[in-house]
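Engineer: Right, I'll just put the structure down here and ask away after.
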Amino acid sequence: MLEIKPNDTLACRSIWISDVHLGSAHCKAKQLLQFLDRIEFERLYLVGDIVDLLAMKKRVHWPEAHNRVLSRFMKLSRRKRSKVIYVPGNHDHVFRTMVGNDLGKIEVHRTLVHETAEGKRLLVTHGDELDYAVRYSRANRFIGDLAYDVLMWSNKRTDQVRDLLGLPYWSLAKWVKKNVSKAEEAINAYQLAAINMVKDKGYDGIVCGHLHFPTLRTDDGVMYFNDGDWVENCTALIELEDGSIRLIKGVSHPESIKQMIFIDATDEFTR
């Protein structure tokens with residue numbers, strides 16, 4: 001694990017961020033802003049669910065930090081040395097009507113192909129089109145939505161208690177995904193469906209979000225990259241100048257992230 005020292009800036013070729021869920025009480029906007037302060041890039045992909053329009057139908061949670069995130073994205077898109085591309089997801093699906101147009105200087109695409117410095121062709125998509133791989137009935141999906149809301153509420157309360165005790169951030173939601181067999185089976189089925197889809201299309205790999213489960217995986221030479229989220233994990237994917245893809249983990253605790261950012265070197269995709 002490589003530690004990025006305090007006040008250091010990490011330069012990379014490309015970065016992928018998704019599932020920020022602005023407008024939701026679960027969004028960690030301040031941590032994302034702190035992360036963006038410490039990274040430089042040529043191309044930024046916003047891989048869907050940046051704004052949570054579905055959550056805002058129930059309750060709007062929009063503190064000043066959420067405005068600052070949107071302002072930062074717009075400001076980054078106006079820089080000559082960087083480009084910002086937006087691929088809307090299922091929670092901000094309304095913006096899919098803008099595909100082929102721009103939001104200011106931000107390009108809007110339904111999907112697109114990113115070519116790495118090594119010439120690898122990666123399909124970039126939010127990933128909700130792969131939900132068919134997880135065969136649940138409509139009723140089960142509804143129950144799942146309720147369970148997720150309860151889980152995220154419990155996750156927030158757990159974090160508050162640990163904060164009072166002086167303990168570091170720990171994600172209850174992430175623990176459940178890793179340790180509940182049905183959740184693990186669903187995640188694996190989704191990942192295999194993504195790998196098979198890009199294999200059939202002739203791509204070298206896929207970058208997506210949607211699952212809130214950051215992953216670097218290869219099967220039969222096909223790469224599956226999931227950039228995670230800024231609700232539970234505070235993660236992003238980056239492409240370094242040599243074309244290698246790494247998962248970068250911002251420490252989720254609001255104070256800890258000011259001190260360090262970690263790159264999990266053990267998860268790096270190796271050729």
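The values are calculated or read from the model by the stated rules, or taken from the named source; none is laboratory data. Computed from a predicted structure; not experimentally measured. Because the Cβ atoms are built from the backbone with ideal geometry, glycine has one as well, and the counts that use them run over all protein chains shown.
Engineer: When residues of the range 23-55 are filtered for being in a helix (DSSP H, G or I) and of a type in the set (Lys, Arg), how many remain?
Structural biologist: Residues flagged as in a helix (DSSP H, G or I) and of a type in the set (Lys, Arg) within the range 23-55 amount to 1.
Engineer: How about the range 232-244: which of its residues are touching an Asp or Glu at 6+ places or on another chain (Cβ under 6 Å) and either buried (at least 24 other Cβ atoms within 10 Å of the Cβ) or at pLDDT below 90 (or both)?
Structural biologist: 236, 237
Engineer: Which ones in the range 208-250 are under 18 Å from residue 186 (Cα atoms) and outside any loop (DSSP other than H, G, I, E, B)?
Structural biologist: Correct list: 208, 215, 216, 217, 218, 219, 224, 225, 226.
Engineer: Being free of Cβ contacts under 8 Å to residues at least 24 places away in the same chain, of a type in the set (D, E, K, R) and surrounded by 12 or more Cβ atoms within 10 Å (Cβ to Cβ) is the filter here, so list the residues in the range 53-74 that pass it.
Structural biologist: Answer for the range 53-74, where residues must be free of Cβ contacts under 8 Å to residues at least 24 places away in the same chain, of a type in the set (D, E, K, R) and surrounded by 12 or more Cβ atoms within 10 Å (Cβ to Cβ): there is none.
Engineer: For the range 35-44, check the following and say yes or no: at least one residue is out of contact with any Gly (no Cβ under 9 Å at 6 or more places or on another chain), of a type in the set (A, V, I, L, M, F, W, C) and in contact (Cβ under 8 Å) with a residue 60 or more places away in the chain.
Structural biologist: Within the range 35-44, one or more residues are out of contact with any Gly (no Cβ under 9 Å at 6 or more places or on another chain), of a type in the set (A, V, I, L, M, F, W, C) and in contact (Cβ under 8 Å) with a residue 60 or more places away in the chain.
Engineer: Considering the range 86-105 alone, what residues qualify as being among the small types (Gly, Ala, Ser) and in contact with a strand residue (DSSP E or B) (Cβ under 6 Å, 6 or more places away or on another chain)?
Structural biologist: Correct list: empty.
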